[in-house]
Number of protein chains: 2
Amino acid sequence: MPASVAAEVPPLQPTVPPRPSADAIAALIAELEPWLGERITTARGIRDQHAHDESWHRPAAPDAVCFPHTTEEVAAVVRACAAHRVPLIPYGVGTSVEGQVIAEHGGLSVDLSAMDAVVAVRPDDMDATVQPGVTRTRLNAHLRATGLFFSVDPGADASLGGMASTRASGTNTVRYGTMRENVLSLTAVMADGRIVRTGTRARKSAAGYDLTHLLIGAEGTLGIITELTVKLHGLPEAVSSAVVAFDTVGDAVAAVIASIQYGLPLARIELLDALAMAAVNRFSQLGYAEKPTLFLEFHGTHAGVKEQAETMAELCQEFGGSDFAWATREEERRKLWQARHDAAYAAKQLRPGTEFLATDICVPISRLAECIEATQADVKESGLVAPLLGHVGDGNFHLVVMVDRDDAQEVATLAAFNERLVERALAAGGTCTGEHGIGLGKRRYLEAEHGEGLAVMRTIKAALDPLGIMNPGKLV
Amino acid sequence: MPASVAAEVPPLQPTVPPRPSADAIAALIAELEPWLGERITTARGIRDQHAHDESWHRPAAPDAVCFPHTTEEVAAVVRACAAHRVPLIPYGVGTSVEGQVIAEHGGLSVDLSAMDAVVAVRPDDMDATVQPGVTRTRLNAHLRATGLFFSVDPGADASLGGMASTRASGTNTVRYGTMRENVLSLTAVMADGRIVRTGTRARKSAAGYDLTHLLIGAEGTLGIITELTVKLHGLPEAVSSAVVAFDTVGDAVAAVIASIQYGLPLARIELLDALAMAAVNRFSQLGYAEKPTLFLEFHGTHAGVKEQAETMAELCQEFGGSDFAWATREEERRKLWQARHDAAYAAKQLRPGTEFLATDICVPISRLAECIEATQADVKESGLVAPLLGHVGDGNFHLVVMVDRDDAQEVATLAAFNERLVERALAAGGTCTGEHGIGLGKRRYLEAEHGEGLAVMRTIKAALDPLGIMNPGKLV
C-alpha cells in the first residue's frame, strides 16, 4: 500500500490572539458604549463576578463585561470585538465546573443573563423556544400549566445557553437524554458576526451538516448561542421513587445493567457509595444504611409504574438489594431527591473550609463496576476524602474530592489521581468527561481521547474562528 | 449599533475539482492496482452498476470502482486520490434516493460492501460495532440470539455506513430515534487520509466537538465511514399491531398528536392516505377501507401493551377512528407491515412503466395536517398520481409520484410541485428532507432552509476537504 502524499494542503491551525492591550479595550468600549450605555462596564466588582465559575480553577477577570439584550446586539458586539481583536467569553449564570467562563486571556465577558425570555411554548409540538439566559427551573415554572416539562437537570440551576454549550445532562438522562438529544434548533452568532439558525422545529432532518450538534458542547469557542428550541416531555401520570441498598457497588451496578437489558424505562438511576450516604445522612439528618445505594425513579401510568417498580424490586433482590424504601407522595419524593441533589454539598461538609473538585468520567456500563472499584481503591491509597455519586444508568460518575488549593502537595496528589481516573476511563472505552465539559480542566486529556480527531476539531475551530477570539484557550 | 467590519478574513469556499483526465485515472490505477489487484476495475459493467441509486436521478458512471477490505486500505485509496486529484464517491449498497452515489464529476467509486463484518456485539452495553457494508437486516439476523435488535429501518435493506451518511430513519423512529440518535461512535477516513475515531462507547460525553454528528448526514462529503458503533435495543416482551381508519387526514393526525401528548410510547405510527390504501389493497390483495389510515405498533410488557392499546383506541375513537383491526400473532403482524413496506411498490403499480419520485418533507407535527391537506389539493390541481405515506409520529411524509422521465412537460410539473411542497414545509418551520438527504435532488433548497448556515457548512467543507475530492457536487 502506498503511504503517499496528501498533506500538500496543510490543515488549518487555530490561533490564540495576544492578550488585548489597554488601547484595544478602550477602543472597543468607545465603540460599544454609545449604544450599550451602562450595559458595558469595566467596574471591578462586576468583572470579579465574571472571573470565576463553580469550579476550583483559579479565577481570571475579563477586561470588561457587557449585557446584550438581543441577537442583533450580540452580533454587533462580536463584530466590534473582531475588529479590535478582543476575545469574547460567553457567560450565562456562571455554574460551569471546568472553568469554561474564566477569562484566562482577558477580553469581554458577554453576560447573556438578561436574555431570559421564554419566546414561545408550543404544546402540540412539545417544544419551546427560549433565550439563552433562561434557567432550567424558570422554564419549568413557566411550563407549570401545560402538563409538560423540560427534562435536563444538572445539579445547578444553570442557564439553557450554558447547558447547551457544555452538553449538560443530569439525573434523568437515562430516560430523557442530555442536551444533545433535547435541543432541536439554535440561533447563534458566529465569530464574524454572522447570525446562523441551525436546524428547524421538525423532529428530524437529513438536510446538510448538523450545525446544531456542532455548537452543542463547543463551549462558546465557535459561536455564541442566542436562542434555543428545546424538546419538552409530558409530565407522567404517576411518579414513584425508591431507595435500595446493596452490599457492594458491583451488585448495585449489576442490578442496573439487568434493568436496562430488561428494557425498564427508569427515569432516574443514581448511585451513592457508602461514604456519600454517610455524608447525606449527616447533612440532611437522615437514617439511610451507609452502604452503596441506588436512588430510583419510575415514571408512567399508575399501572405502568407499579409494574416497573415490582420488576425492579425483583431484579434488585437477585443482586442482594435491601427492601425498597418507597416515596410516592410528592413531598416525600422531593425530600428524597433533595438529599440526592444536596449530596455534593453534604460531601463538602466532610472537610469544611476546603475547595472541592467534582471529577466526571463516563464509561460503557459493562465496565462501570470495575472502574468504580479500582477508583475507590485508588482513593484509599491516595489518602483522599472522596465520596462517589453516579448517574449509573449512563455509566457516568463523579467523585467529590476535597482539596486545600494552597497546599501544593495536596493539589499534586489530586491532579495525579484525576489523571489516573481519566486514564482508567479511556482504557475502558469511555470519555474523560460525561457532562462537565473540557473548559480549562480537561484540555490535557483531549488528545489521548480523540487522537487525530483533535486535529480535525482544531481545523474546524481555525476555519470558523480565524482570529481565535471566541473563548480562546478553552476546549481545543 | 455599529455594522462594522469582520470579514477581513474571508470565509473559506469549497472547491469542485475539474473532471479527472484519462491520464490522472490511469496514474491512479497504476498506483492502486499493484496491491488492490482485481479489487480495482474500470470494467463497463461494474462501473454501470455504480452509476445509479434507487432514485430517478440520471445515472453517471464513475471512471473506476474499487473494493477495499480495511480502514487502512480506504486511507491509502484516499491518499492516492488526493495525490491525483481524483474524486471519491463512497458506495454502500446503492439504495440512496437522492442521487448520493451518482458519479456526476467522475472519479473513483469506493464500494464498501465487502467490509461487512459484525466486529463485536456487547449485550451488557447494548451496542454493536460493525463495518459499513453490514446491512440492517444482516445485523438483525446476527443479533437473533441476543434478545436485542437494531432499530433503524428505512424501506430498503441499506448498509449501515450509507444509513449513517444520509442520516436515515424509518418507521419506528418515533420510539427509537434515527441514525442520529443510534450511532455512538464512528471510524472515518478524512480527505487527507487521516483515520479518525469519533466519540467513544460511553453513552454520553462532553469532550470536544461532536464529530460523530458532523459525519452523520454528511453524505461522504467530509470523510468515508469505515466502522460504526451503534446502539441496540431490547426486543420487547410483547408486540401488537393495529390498523385504524379515519374520515380525514386531519382526524388521523389529531389522534397522533393526542397520543404523543399523552406520552404513549408507540413504536410505530404510520399514515397512508386513501389513494395509498387503494394501492396497497390492489397490490397485496387486501380489503382495507380506502380511507386515511394509521398503522400502529405497540411494544412493551404484556400489561403495558394492553394498556397502551386501550388508551390509543380511546383516543382514536375521540377523533372518529374506526374499530381497530388487530394483529397480535407474529405472522399477522408481518403481513400487516409487509403491506406497509410494500406501499411504495404498490404505488408504482398505479402507473406501471414509469419512474417514481419519493418526496420527503418533515414539519412540526402541529402543522402536519394542514400541510398534508394543502399538498393533496396541490396533487389534484397538478393532475399528478401521488399516494401519500407518512411517518406521522415524526411529522415526516412522502408522496410517491409517478413520472415519465422522458416527458419534459411531466418532469417540469413534478419539479414545480416538489418545489411548492418544500416551500410549504419551510414555511411551516420544517425541513426539505426528513430522511432521504440532499444528494443531487435537494441542493437547491439548502440555502432557503439554512440561510447563513449554508455558508458555515461550506466553510467546514472547504477546511476539511481543501481539494474538494470527497463526493464533489453533493450536499453543500
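Values quoted throughout were computed directly from the atomic coordinates according to the rules given, and no laboratory measurement underlies them. Quick caveat, the model's predicted, so the values are computed rather than measured. Cβ atoms come from the backbone with ideal geometry, glycine included; neighbour counts cover every protein chain shown.
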Considering every residue in A:446-457, what mean count of other chain Cβ atoms within 10 Å of its Cβ is obtained? 6
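Roughly how crowded by other chains is peptide B:461-468, in terms of the mean Cβ count from those chains within 10 Å of each of its Cβ atoms? Mind dumping the intermediate values first?
Details: counts 2, 2, 9, 6, 1, 6, 3, 0.
If you average over the peptide's residues, the count of other-chain Cβ atoms is 4.
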So between A:ARG351 and A:ALA303, what do we pick up on full extension, going 0.36 nm a residue minus the alpha carbon distance? 12.8 nm
Straight-distance crosslink candidates among lysines, where the alpha carbon sits under 21 Å from B:LYS291 and sequence neighbours closer than 8 are dropped: B:LYS335, B:LYS348, B:LYS380
5 angstrom amide H check on A:LEU440, placed H, neighbours 5+ away: A:GLY99, A:GLN100
Pull out the extension gain between A:GLU38 and A:GLU318, defined as 0.36 nm times the separation in residues minus the alpha carbon to alpha carbon distance; nm, one decimal. 94.4 nm
Translational diffusion coefficient of segment A:341-383 at 37 °C, 0.692 mPa s, Stokes-Einstein with Kirkwood Rh over Cα pairs, in µm²/s as a whole number. 266 µm²/s
Using alpha-carbon positions, what is the distance between the centroids of segment B:229-257 and segment A:282-329, in Å? 31 Å
Pull up all non-local amide H partners of A:HIS398: gap of 5 or more, or a different chain, and H-to-H distance under 5 Å with H placed in the peptide plane. A:LEU389, A:GLY390, A:HIS391
Which distance in Å, rounded to a whole number, links the C-alpha centroids of segment B:356-421 and segment A:337-412? 56 Å
How far is B:VAL16 from the same spot in each other copy, in nm, shortest first, if each label point sits 7 Å from Cα toward Cβ? 4.1
If we hang a label 7 Å off Cα along the beta carbon direction at B:ARG405, how far is it from the matching labels on the other copies, in nm, shortest first? 6.7
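When the helices in chain B are scored as -39500 (n - 2.57) per DSSP H run of 4 or longer and the sum is shared across all residues, what 222 nm value do you end up with, to the nearest 500 deg cm²/dmol?
Numbers: 17 runs with 174 residues, N = 476.
Result for chain B, helices only: -11000 deg cm²/dmol.
Tell me, what are the semi-axes, in whole angstrom and largest first, of the equivalent ellipsoid of segment B:361-476 as set by the roots of 5 times the Cα gyration tensor eigenvalues?
Working: eigenvalues 156, 69, 25 Å².
Equivalent ellipsoid semi-axes, largest first: 28, 19, 11 Å.
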Working from Cα positions, state the angle (0 to 90°, nearest 10) between the long axis of helix B:330-341 and the longest principal axis of chain B. 60 degrees
So what are the ³J(HN,Hα) numbers for segment A:425-434, from phi and the Karplus equation (6.51, -1.76, 1.60; θ = phi - 60°), rounded to whole Hz, Gly and Pro as x? 5, 5, 5, 8, x, x, 10, 6, 8, x
With θ set to phi - 60°, apply the Karplus curve 6.51 cos²θ - 1.76 cosθ + 1.60 along segment A:258-265 and write out the HN-Hα couplings as whole Hz, x wherever there is a Gly or Pro. 4, 5, 5, 5, 5, x, 5, x
What angle, in degrees between 0 and 90 and rounded to the nearest 10, separates the Cα long axis of helix B:22-36 from the longest principal axis of the Cα atoms of chain B? 80 degrees
Could you go through segment A:157-165 in sequence order and give the Karplus-derived ³J(HN,Hα) for each residue, using 6.51 cos²θ - 1.76 cosθ + 1.60 with θ = phi - 60°, rounded to whole Hz, and x for Gly and Pro? 8, 6, 7, 5, x, x, 4, 5, 5
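Where does each of A:MET312, A:MET126 land when they are ranked from fewest to most other beta-carbon atoms within 10 angstrom? Write down the numbers at each step before the final one.
Details: A:MET312 25, A:MET126 22.
The fewest-first ordering by Cβ neighbours comes to A:MET126, A:MET312.
Take the Cα pairs of chain A, get the Kirkwood Rh, then feed it into Stokes-Einstein at 10 °C and 1.306 mPa s and tell me D in µm²/s. If you can, show how the numbers build up before the last one.
Details: Rh = 23.5 Å.
It diffuses with D of about 68 µm²/s by this estimate.
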Counting sequence-distant residues (5 or more places) and residues on other chains, those with an amide H built under 5 Å from that of B:LEU232 are B:ASP127, B:ALA128
Whether segment A:238-345 is rounded, prolate or oblate, judged on the alpha carbon gyration tensor where a/c under 1.5 counts as rounded: oblate
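Return one quarter of the surface area of the convex hull spanned by the alpha-carbon atoms of the protein assembly as shown, equal to its mean projected area, in nm².
Working: hull surface 150.5 nm².
Dividing the Cα hull surface by four gives the mean projection, 37.6 nm².
Arranged by the count of other C-beta atoms within 10 angstrom, fewest first, what order do B:TYR209, B:TYR288 take?
Details: B:TYR209 27, B:TYR288 19.
Lowest count first: B:TYR288, B:TYR209.
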Can you put B:ASP273, B:ASP116, A:ASP157 in order, fewest other beta carbons within 10 Å first? A:ASP157, B:ASP116, B:ASP273
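Multiply the residue gap between A:ASP407 and A:GLU373 by 0.36 nm, knock off their C-alpha separation, and tell me the result in nm, one decimal place.
Numbers: separation 34, 0.36 × 34 = 12.24 nm, distance 2.75 nm.
Length difference between fully extended and current span is 9.5 nm.
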For segment B:46-67 versus segment A:139-163, the gap between their alpha-carbon centres in whole angstrom: 50 Å
Can you tell me which lysines have their Cα less than 18 Å from the Cα of B:LYS306? Leave out same-chain residues fewer than eight positions away. A:LYS306
Teacher prompt: B:GLY37 distances to equivalent labels in other copies, 7 Å Cα→Cβ, nm: 7.9
